[in-house]
Amino acid sequence: MQGKFDVIESFAIRQKGEFYLIGSFTEGAAKENWFLNVPLNSSLVISVRIKAIEDVEVSSEQNNYKLLVVEGDNDTLNLLLALRIGSESLDITIEGKD
């Protein structure tokens, strides 16, 4: 494990084929092409490759956040949206499966 990312909220932009997770690092860090591990249940995790990491400033808050960008086809986007990822901590690893 290279880090932990506390997700505040997530969303998709289908026209771009991208899924976005807004939050902050609580441990370690992440780099492009590393993996974010999303739990499906207590014993099954899927890994998604981080395409980009952006800085986010929210006008109504003083804290700055990170935006992790993940690419996906329509099925992947549907799955990630159905998981309602938010208010949880996800592990970041160097290795994973696309």
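The values are calculated or read from the model by the stated rules, or taken from the named source; none is laboratory data. All values reported here derive from a predicted model rather than from experimental measurement. Positions of Cβ are generated from backbone atoms using ideal geometry, with glycine treated the same way; all protein chains shown enter the neighbour counts.
Residues in the stretch 55-69 that are under 18 Å from G28 (Cβ atoms) and modelled with pLDDT of 95 or more were compared, and the one that is surrounded by the fewest Cβ atoms within 10 Å (Cβ to Cβ) is D55. When the stretch 70-98 is filtered for residues that are in contact with a helix residue (DSSP H, G or I) (Cβ under 8 Å, 6 or more places away or on another chain), surrounded by fewer than 15 Cβ atoms within 10 Å (Cβ to Cβ) and closer than 24 Å to M1 by Cβ, nothing remains.
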